[in-house]
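Enquirer: Let me give you the structure first, and then I'll get to my questions.
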Amino acid sequence: MILLKKGLKINFSIKDIYQATSGGNRIDNDFLNRKFNKIKINSQKIKKDDLFIAIKGLNFDGHDFIDEAFTNGAVAALISDKKRVSSNTILVNDTKKSLADIATLILKKTSPFITAITGSNGKTTTKEIINSILVSNFGQNKTLATQGNFNNDIGLPLTIFNLNKTHTHLTLEMGMNHANEIDYLAKIAPPNIAVITNIGEAHIENFKSREAIATEKKDILINLKKNGAAILPKDSDFFNFLAKDLKNIKILSFGMNKEADITCKILDKGKVLIKAPHYNFEIKSKLLGHDNISNILAAVACANILNIHPMKIKEGIEKLNPPPGRLELKEGIKNTTIIDDTYNANPSSFQLAIDVLNEFEGKKILVIGDMAELGENSLNYHQDLARSIKEAKIDICLGIGQYSRELIKLLGEGDSWFKSKELLVKYLYTCMKNSTILVKGSRSMKMEEVVKKLIKIVE
């Protein structure tokens, strides 16, 4: 969408879109001069005078819904199917590429300060922390951030479509599954500040090595605006590689490493002392675990670049609740504490979650679903995880999934594998009283279904 409130609209005409996307069909001048309200890719959400873009996906084709879009009030449709050309369509070679073209146009009109975040883990959480700090300092109407994890070639432009005249700061998450994706996204929205949270194993199936992942992630730094800033993880073994050959770029490091520019000291009762070049301050965050502390430090580094006052930084951090399914604390039945970390899973995030579970006192239970997208080494990664579980102080481990079955075999008596979530939950009811339960697995495992059976109020 390009409009939030009356009077805040960025005024575009069909002509602007036609020129930005290199439209290939002849259009009547009267039609070119028409204005539109919002840009949408879902025909069901089209309202009067909206612009519809027909996107081709793996399992659908937006061109099949052009008629529905016009019925719902669309003023025009952006298409790539020559057979669907009419007096109220704009023909382009690739509608998905046109999303990027329009996003570029909007950014030229609005010129927000852009902070972009990528990394193997922690992108969404870091983005949320940064945005919370920006809101505390500049106000809600001055900031815009990626909703959820809309971090790909479709989601990023859709976020940019939400910009209006009041927005001065834009925080974007940039994800990748394949080669050149970060470069593509960063060229759409060249950042003033670029953050790399870490270099891990996520999506290693598609890149074969962490070195290849690091190379792809570095594209966000290469696309920085002149005199921009790079926020880099000092704890990473790829720090020197990421920092190398960055010209006219300010580099600010973060991490538990004492040599980092932004570091911290962990205090008692969940408090953390943040240490920055020109100030120290204490925080008590609702975000659990060392990785989230790292995400906080990355956000503090961004705030440092923007010269935001420490008390505003503190305010932004402490008011933020964890994103759903990311080390989220919930009150469970039978006097239990549930750690919901079901959003996704890979070896790095699993180790983090186990470390968090270990910080709790009393009986500890780990509920595991398979880690996906790990390629030919999937079994090895799960076997390595079994060794980590053995070393941890966990009382019971329960699993579901093909690879989790092999993992459970490597553990001791009292640990069990189940064919279904129903059987797993049934067994869990018999042993869960007065415990802390961590539930984790990849998105494909839908482990949130287990969580819903364990909490007091079904969500």
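Here is a yes/no grid of residues against (1) under 20 Å from E328 (Cα atoms); (2) in contact with a Phe, Trp or Tyr (Cβ under 7 Å, 6 or more places away or on another chain); (3) of a type in the set (S, T, N, Q):
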site: E373; (1), (2), (3): no, no, no
site: L379; (1), (2), (3): no, yes, no
site: K426; (1), (2), (3): no, no, no
site: K433; (1), (2), (3): yes, no, no
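Enquirer: Residues Y429, Y403: which one is in a helix (DSSP H, G or I) and in contact with a Ser or Thr (Cβ under 6 Å, 6 or more places away or on another chain)? Spell out the reasoning first.
Expert: Working: Y429 fails: in contact with a Ser or Thr (Cβ under 6 Å, 6 or more places away or on another chain).
It is Y403.
Enquirer: Something else: Restricting to the range 21-56, and then to whatever is of a type in the set (G, A, S) and free of Cβ contacts under 8 Å to residues at least 60 places away in the same chain, can you tell me which residue is nearest to T89 (Cα to Cα)?
Expert: Ranking the candidates gives A54 first.
Enquirer: Mind listing whichever residues of the range 84-126 are over 25 Å from K38 (Cα atoms) and charged (D, E, K, R)?
Expert: Listed by number, the list holds a single entry, K123.
Enquirer: Same structure, new question: Of all residues in the range 310-330, which are farther than 15 Å from L273 by Cα, free of Cβ contacts under 8 Å to residues at least 40 places away in the same chain and buried (at least 17 other Cβ atoms within 10 Å of the Cβ)?
Expert: Residue satisfying the conditions is E328 alone.
Enquirer: Scan the range 164-212 residue by residue and report those that are of a type in the set (V, I, T) and modelled with pLDDT of 90 or more.
Expert: T166, T168, T171, I182, I188, I193, V195, I196, T197, I199
Enquirer: Within the range 46-65, work out how many residues are surrounded by 13 or more Cβ atoms within 10 Å (Cβ to Cβ) and either farther than 14 Å from I79 by Cα or assigned by TED's automatic domain parsing to the domain that holds N152 (or both).
Expert: Adding up the residues that qualify gives 3.
Enquirer: Can you tell me which residues in the range 337-348 are more than 14 Å from the chain's Cα centre (by Cα) and either crowded, with 24+ Cβ neighbours inside 10 Å or modelled with pLDDT of 95 or more (or both)?
Expert: Initial filter on the range 337-348 (more than 14 Å from the chain's Cα centre (by Cα)): 337-342, 346-348.
Listed by number, the residues that qualify are I338, I339, D340, D341, T342.
Enquirer: Here's a follow-up. Which of the residues belonging to the range 156-179 are crowded, with 20+ Cβ neighbours inside 10 Å and not in a loop (DSSP other than H, G, I, E, B)?
Expert: Across the range 156-179, the qualifying residues are L156, P157, T159, I160, H169, L170, T171, L172, E173.
Enquirer: Return only the number of the condition from (1) in the same structural domain as A303 (by TED's automatic domain parsing); (2) buried (at least 23 other Cβ atoms within 10 Å of the Cβ) that G148 does not satisfy.
Expert: (2)
Enquirer: Hey, E459 hits all of (1) charged (D, E, K, R); (2) modelled with pLDDT of 95 or more; (3) farther than 28 Å from N377 by Cβ but one; which does it fall short on?
Expert: (2)
Enquirer: Right, next: Looking at the range 389-401 only, could you name the residues that are more than 13 Å from A345 (Cβ to Cβ) and either within 27 Å of the chain's Cα centre (by Cα) or buried (at least 17 other Cβ atoms within 10 Å of the Cβ) (or both)?
Expert: I389, I394, I396, C397, L398
Enquirer: OK, next. Take A202 and decide whether it is crowded, with 22+ Cβ neighbours inside 10 Å and either within 21 Å of I231 (Cα to Cα) or free of Cβ contacts under 8 Å to residues at least 12 places away in the same chain (or both).
Expert: On the way: crowded, with 22+ Cβ neighbours inside 10 Å: yes; either within 21 Å of I231 (Cα to Cα) or free of Cβ contacts under 8 Å to residues at least 12 places away in the same chain (or both): yes.
Against the criterion (crowded, with 22+ Cβ neighbours inside 10 Å and either within 21 Å of I231 (Cα to Cα) or free of Cβ contacts under 8 Å to residues at least 12 places away in the same chain (or both)), A202 qualifies.
To keep it simple, each residue is scored yes or no on (1) over 24 Å from K40 (Cβ atoms); (2) in contact with a helix residue (DSSP H, G or I) (Cβ under 8 Å, 6 or more places away or on another chain).
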| position | (1), (2) |
| --- | --- |
| K142 | yes, yes |
| Q147 | no, yes |
| D153 | no, yes |
| L170 | no, yes |
| D183 | yes, yes |
| N198 | yes, yes |
| F207 | yes, yes |
| T215 | yes, no |
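Enquirer: Pull out all pairs, ordered by first then second residue, where Cβ-Cβ is under 6 Å, the residues are six or more apart or on different chains, the first lies in the range 331-348 and is within 30 Å of N377 (Cβ to Cβ) and among the polar types (S, T, N, Q), and the second is part of a strand (DSSP E or B) and at pLDDT 95 or above.
Expert: T342/V439
Enquirer: Next up: Which members of the range 433-453 meet the condition of being in a strand (DSSP E or B) and either charged (D, E, K, R) or farther than 13 Å from I368 by Cα (or both)?
Expert: Correct list: S435, T436, K440.
Enquirer: If only one of I283, I249, I213, I204 is among the hydrophobic types (A, V, I, L, M, F, W, C) and either assigned by TED's automatic domain parsing to the domain that holds E376 or under 17 Å from the mean Cα position of the chain (by Cα) (or both), which one is it?
Expert: I213 is the lone residue from the list that is among the hydrophobic types (A, V, I, L, M, F, W, C) and either assigned by TED's automatic domain parsing to the domain that holds E376 or under 17 Å from the mean Cα position of the chain (by Cα) (or both).
The values are calculated or read from the model by the stated rules, or taken from the named source; none is laboratory data. Everything numeric in this text was worked out from a predicted model, so none of it was measured. Counting neighbours? That spans all protein chains shown, and the Cβs are built from the backbone with ideal geometry, glycine included.
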